[in-house]
1. Could you order the peptides 87-97, 37-47 from most to least packed, using the average number of other C-beta atoms within 10 Å per residue?
2. Calculate I(q)/I(0) for the range 43-114 by the Debye formula, one identical point scatterer on each C-alpha and no solvent, and give its log10 at q = 0.16, 0.22 Å⁻¹ to two decimals.
């Protein structure tokens, strides 16, 4: 058997060149994800979520909903203000919501609030 050294390592050491080392991969520090507390919904937002898909009897057409004709306007957190596209939506909303909500016309907006207890 012959005692034979690898020619690569002897050539590299003779020339003074270091053998290539594997590159270290630096990973970015992981930040801890902290979720912000979810803010409580306002009364107006709760009312909108409750009524937006209520069916309206308008124009003799099948499924008409409040969200097709109205959109919320952030004006008062305790009362829902809606801008509307068609004036006929007001009487339709009054008949659909009158058991639970007060529906009123205020300036150019429809306002909706919980029924007042007398």
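Taken together, the values in this text are just the output of simple stated rules run on the coordinates, not laboratory data. What you see is a predicted model, and the numbers here were worked out from it, not measured in a lab. Counting neighbours? That spans all protein chains shown, and the Cβs are built from the backbone with ideal geometry, glycine included.
1. Those peptides, ordered most packed to least, come out 87-97, 37-47.
2. -0.47, -0.92
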